[in-house]
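The values are calculated or read from the model by the stated rules, or taken from the named source; none is laboratory data. All values derive from a computational prediction rather than experimental measurement. With ideal geometry, Cβ positions are generated from the backbone for all residues, glycine too; neighbour counts draw on all protein chains shown.
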Amino acid sequence: MKPSMALAFLPALARMAVSGGTHGNELSGVYVVQEMEQQRKETGEHAWPIPITTVLSNPRAVRECRRYIDRDINRCFNRATLSSPITDSSPYEVRRAQELNNLLGPKGSTDAMDLICDLHNTTANMGLTLIHYTTSDWVTLHICKYLQTKITKVPVRVLVLDVPISDAYSLESVSKHGFSIEVGPQPHGVVRADIYTIMKEAVDLTIDWIHKFNSGTVFEGGDVEAFKFIKSVDYPRDPETRTLTAAIHPQLQDRDFCLLKRGDPLFLSFSGETVKYEEEPLHPFFINEAAYYEKEIAFHLGKKMMLTIPSVQVQKD
Amino acid sequence: MSSRTNVSCLHEARRVAIFGGTHGNEMSGITLVNMWKQNSAEIERNGLLIKPFISNPKAVEKCIRYIDTDLNRAFTPENLSAPDVEGRLYEVQRAKEINRMFGPKGSSDAYDVIFDLHNTTSNMGSTLILESSTDLFNLQMVHYIKKAMAPHTCLVLLNEHPQLKYSTTRSVAKHPIGLEVGPQPQGVLRSNVFESMRTILKHALDFIEFFNSGVEFPPCTIDVFRVQERMDYPRDTNGNITAMVHPHLQDCDWEPLNRGDPMFLTFDGRTILYEGANTVYPTFINEAAYYEKQQAFTTTCREILAANAIRKAFK
């Protein structure tokens, strides 16, 4: 029997969290969370079919409209950082990460949230991208598949990292089935109505899936196309000063998830030379993300793959 | 019969500065200026002293707009004449330094031309910003640049509004010109935006070189967009925005906005319409740095300015 014909019974998803402002200048998520809190004020706890915790992950960064205060909080959720002792000199985000782990986790325990939906924006032309740290979570992959069928205004893609949970450093790894919703392109510090609407729709559809799943709907399995992270590529830099000597080539700019082949242009130097791609065919994404200049990343490269998931239905007690 | 009596004779423009990094996260100007500081061959012109300059180095280092206060609002008479005191805001101190190096503002010792390089998150394309409708040198220069850039469009924004005009870094010079190219997110360098700005500057320097060599530029007219009004977002009693620029207005810089057109969309999906009596031409629509300045967009009206012929004054 093909795996997709099999039916897996999985526990109901009882508790969900929606987090915005993990990066304080990625505004769609800040306003989606704010709008959800307004809805809760107006309609009470029945605003949604399942209990939802809404949280602004990095309130200080949100107030200052900055990505972070001391350190990128979305790199602080690996086991080592979550268990490091807090002192007076601990970075704000390490402290806050441990607070969030207590609130929404603890990571790896049965008390953790069933699902954290962490909301992000990117300056890259990535449409709607769903990011998860593993390839083997059927709940998350089913939600991705559902969003891919329901959302047609923008491309919906799945990005997987394939790291063990203890090494996963992003907020959603605190929950049992979390993922990030990344929508772009949007400049940091700006809220675009079209991008906000896409993100809100993605959150609403995720809640919709969970409700249907919990109510007994069978979600048919099949193949989900995903991109697996392989490596990053930095900008060409001056060897002494480390300043950029080239920009993303106009023929690569905004072409996230295209297929890069040998000989394709990557960078256009300020003196007019084209730097070309010389390796095996892969797919670039996060092309020209503002926050990645300091991380020495011009873009990531990923391999396209098919993940096969079984049909799923909620386990009846 | 040619009207030889209608040629305005202007002083030679010998000292020119190119400012990048007035805002430390607007990357085209920062990258161009750093490149030209290392190798100035591309910007050299006969008889011209051209100085590429990073206006706000501390902000550039941190890739933020400013440290204490917006440098591009800091060149007020009060700031420029204030005594040197401990604990002064960084940008006020910097404004005084820049005024010493390139001014003093309003004096005959000031630099002839300053180009101030900016980017915007708004979909403004290539925009040249003027502060005076009567600066003939500048009017002729932007006319030259527009023609040279064609078919690439270069629009002209005129901010001569008595209340909305502000004290820019470039206002230290006799002939200040703002270059604003977008859309580009803060902290990002886009190749096409970078190259547009580079080309605009090439044409601008060519103009100055021609002018200084004695070329006469005939009378011309320039289409401009004159700043009228600043429109803020709808806000709640705590000052937080309650709506976003409407998708029909987003990215429509320079296009007519008529009474009844959608303007804002609230977070819960309600449309707010533009209620102004006259058609306006919005610009700086959804600029990231203007949320804190209470500006969702600026309205402009279209105007045609006329400029006399100009040529360099004989000694």
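Give the stretch B:162-184 a look and list any residue that's assigned to a loop (DSSP other than H, G, I, E, B) and more than 14 Å from chain A (Cβ to nearest Cβ), or say none. Show your work before the answer.
If we filter the stretch B:162-184 for residues that are assigned to a loop (DSSP other than H, G, I, E, B), which is where we start, we get B:162-168, B:173-174, B:183-184.
Passing the criteria: B:PRO162, B:GLN163, B:LEU164, B:LYS165, B:TYR166, B:SER167, B:THR168, B:ALA173, B:LYS174.
With a cut-off of at least 1 residues that are touching a Pro at 6+ places or on another chain (Cβ under 7 Å) and within 26 Å of A:ASN25 (Cα to Cα), name the strands (runs of 3 or more DSSP E) lying wholly within the stretch B:236-315. Steps first, please.
Working: elements: B:243-245, B:262-266, B:271-273, B:281-283, B:297-307, B:309-312.
Here the list reads B:243-245, B:262-266, B:271-273, B:297-307.
Pick out the one residue from A:LEU260, A:LEU244, A:LEU268, A:LEU252 that is within 11 Å of chain B (Cβ to nearest Cβ), surrounded by 14 or more Cβ atoms within 10 Å (Cβ to Cβ) and over 20 Å from A:ALA291 (Cβ atoms). Walk me through it before giving the result.
Working: A:LEU260 fails: within 11 Å of chain B (Cβ to nearest Cβ); A:LEU244 fails: over 20 Å from A:ALA291 (Cβ atoms); A:LEU252 fails: over 20 Å from A:ALA291 (Cβ atoms).
Residue meeting the stated conditions: A:LEU268.
Six or more apart or on different chains, Cβ under 9 Å: which pairs go from a residue in the stretch B:270-288 that's within 14 Å of another protein chain (Cβ to nearest Cβ) and closer than 24 Å to B:GLY125 by Cβ to one that's buried (at least 20 other Cβ atoms within 10 Å of the Cβ) and acidic (Asp, Glu)? Could you list them?
Pairs found: B:PHE284/B:GLU180; B:PHE284/B:ASP253; B:ILE285/B:ASP253.
Quick one: which helices (runs of 4 or more DSSP H) lie wholly within the stretch B:1-85 and hold at least 1 residues that are within 14 Å of chain A (Cβ to nearest Cβ)? Working first, answer last.
Numbers: elements: B:27-38, B:57-62, B:77-81.
In the stretch B:1-85, B:27-38, B:57-62 are the helices (runs of 4 or more DSSP H) which contain 1 or more residues that are within 14 Å of chain A (Cβ to nearest Cβ).
Quick grid of which residues meet (1) outside any loop (DSSP other than H, G, I, E, B); (2) within 23 Å of B:GLY187 (Cβ to Cβ):
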| site | (1), (2) |
| --- | --- |
| B:ARG94 | yes, yes |
| B:ARG100 | yes, no |
| B:LYS105 | no, no |
| B:SER108 | no, no |
| B:ILE114 | yes, no |
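Have a look at A:LEU205, A:LEU141, A:LEU159 and point out the one that is out of contact with any Cys (no Cβ under 6 Å at 6 or more places or on another chain) and surrounded by fewer than 18 Cβ atoms within 10 Å (Cβ to Cβ). Spell out how you get there, then give the answer.
Numbers: A:LEU141 fails: surrounded by fewer than 18 Cβ atoms within 10 Å (Cβ to Cβ); A:LEU159 fails: surrounded by fewer than 18 Cβ atoms within 10 Å (Cβ to Cβ).
Of the residues listed, the single one that is out of contact with any Cys (no Cβ under 6 Å at 6 or more places or on another chain) and surrounded by fewer than 18 Cβ atoms within 10 Å (Cβ to Cβ) is A:LEU205.
Here is a list of conditions, (1) surrounded by 16 or more Cβ atoms within 10 Å (Cβ to Cβ); (2) under 30 Å from A:ILE248 (Cα atoms), and B:HIS152 meets all of them except one; can you say which number that is?
Here B:HIS152 meets the rest and fails (1).
Return yes or no: is B:LEU117 in the same structural domain as B:LEU32 (by TED's automatic domain parsing), buried (at least 16 other Cβ atoms within 10 Å of the Cβ) and out of contact with any helix residue (DSSP H, G or I) (no Cβ under 8 Å at 6 or more places or on another chain)?
On the way: in the same structural domain as B:LEU32 (by TED's automatic domain parsing): yes; buried (at least 16 other Cβ atoms within 10 Å of the Cβ): yes; out of contact with any helix residue (DSSP H, G or I) (no Cβ under 8 Å at 6 or more places or on another chain): no.
Here the answer is no, as B:LEU117 does not meet what is asked.
For the stretch A:111-136, how many residues meet the condition of being farther than 17 Å from A:LEU171 by Cβ and at pLDDT 95 or above? Show your work before the answer.
Here is the first cut: in the stretch A:111-136, the residues farther than 17 Å from A:LEU171 by Cβ are A:123-128, A:135-136.
With at pLDDT 95 or above added as a condition, the list becomes A:123-128.
Within the stretch A:111-136, residues that are farther than 17 Å from A:LEU171 by Cβ and at pLDDT 95 or above number 6.
Can you find even one residue in the stretch B:212-228 that is part of a helix (DSSP H, G or I) and either closer than 17 Å to B:ASP112 by Cβ or hydroxyl-bearing (Ser, Thr, Tyr) (or both)? If you could, list the steps in order and put the result at the bottom.
Taking the stretch B:212-228 as the starting set, the residues that turn out to be part of a helix (DSSP H, G or I) are B:212.
Still in the running and either closer than 17 Å to B:ASP112 by Cβ or hydroxyl-bearing (Ser, Thr, Tyr) (or both): B:212.
Yes, that holds for at least one residue.
Matching residues to (1) of a type outside the set (A, V, I, L, M); (2) within 26 Å of B:ILE43 (Cα to Cα); (3) within 13 Å of chain A (Cβ to nearest Cβ); (4) touching a residue at least 24 places away in the same chain (Cβ under 8 Å):
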position: B:GLN186; (1), (2), (3), (4): yes, yes, yes, yes
position: B:LEU189; (1), (2), (3), (4): no, yes, yes, yes
position: B:GLU195; (1), (2), (3), (4): yes, yes, yes, no
position: B:PHE225; (1), (2), (3), (4): yes, no, no, yes
position: B:GLN228; (1), (2), (3), (4): yes, no, no, yes
position: B:ASP236; (1), (2), (3), (4): yes, no, yes, no
position: B:ASN240; (1), (2), (3), (4): yes, no, yes, no
position: B:TRP254; (1), (2), (3), (4): yes, no, no, yes
position: B:ASN258; (1), (2), (3), (4): yes, no, no, no
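Criterion first (farther than 24 Å from A:ALA112 by Cβ, within 14 Å of chain B (Cβ to nearest Cβ) and of a type in the set (A, V, I, L, M, F, W, C)) does A:LEU27 satisfy it? So that I can check it myself, show each step before the final result.
Numbers: farther than 24 Å from A:ALA112 by Cβ: yes; within 14 Å of chain B (Cβ to nearest Cβ): yes; of a type in the set (A, V, I, L, M, F, W, C): yes.
Yes: the conditions hold for A:LEU27.
If we scan the stretch A:301-309, do we find a residue that is at positive phi and either touching a Ser or Thr at 6+ places or on another chain (Cβ under 9 Å) or modelled with pLDDT of 95 or more (or both)?
Going residue by residue through the stretch A:301-309, those that are at positive phi are none.
No: zero hits.
Answer yes or no: is there a residue in the stretch A:192-208 that is part of a loop (DSSP other than H, G, I, E, B), within 14 Å of another protein chain (Cβ to nearest Cβ) and not polar (S, T, N, Q). Even if it seems obvious, please write down each step before you answer.
As a first pass, look at the stretch A:192-208 and keep what is part of a loop (DSSP other than H, G, I, E, B): A:192.
Then drop every residue that is not within 14 Å of another protein chain (Cβ to nearest Cβ), which leaves A:192.
Subset that is not polar (S, T, N, Q): A:192.
Yes, the conditions are met somewhere in the stretch A:192-208.
Just for the stretch A:42-72: of the residues that are without any contact (Cβ under 8 Å) to a residue 40 or more places away in the chain, of a type in the set (D, E, K, R) and more than 13 Å from B:PHE267 (Cβ to Cβ), which one is surrounded by the fewest Cβ atoms within 10 Å (Cβ to Cβ)?
Checked the stretch A:42-72; the qualifying residue surrounded by the fewest Cβ atoms within 10 Å (Cβ to Cβ) is A:GLU45.
Among the strands (runs of 3 or more DSSP E) contained in the stretch A:217-300, which hold 1 or more residues that are touching a helix residue (DSSP H, G or I) at 6+ places or on another chain (Cβ under 6 Å) and at positive phi?
On the way: elements: A:222-233, A:246-248, A:265-269, A:274-276, A:283-285.
Because the criterion is at least 1 residues that are touching a helix residue (DSSP H, G or I) at 6+ places or on another chain (Cβ under 6 Å) and at positive phi, the strands (runs of 3 or more DSSP E) in the stretch A:217-300 that meet it are A:222-233.
Which pairs have Cβ atoms under 6 Å, sit 6 or more apart or on different chains, and link a residue in the stretch A:195-210 that is in the same structural domain as A:THR129 (by the TED database) to one that is of a type in the set (Lys, Arg)?
Short answer, once both residue conditions are applied: A:LEU205/A:LYS150.
From the list A:THR43, A:THR53, A:THR87, which one is of a type outside the set (A, V, I, L, M, F, W, C) and within 14 Å of chain B (Cβ to nearest Cβ)? Break it down stepwise before answering.
Working: A:THR53 fails: within 14 Å of chain B (Cβ to nearest Cβ); A:THR87 fails: within 14 Å of chain B (Cβ to nearest Cβ).
Selected residue: A:THR43, the only one of A:THR43, A:THR53, A:THR87 that is of a type outside the set (A, V, I, L, M, F, W, C) and within 14 Å of chain B (Cβ to nearest Cβ).
Taking B:ASP232, is it at pLDDT 95 or above, under 14 Å from B:GLN295 (Cα atoms) and away from every other protein chain (no Cβ under 14 Å)? It would help to see each step written out before you state the result.
On the way: at pLDDT 95 or above: yes; under 14 Å from B:GLN295 (Cα atoms): yes; away from every other protein chain (no Cβ under 14 Å): yes.
The answer is yes for B:ASP232.
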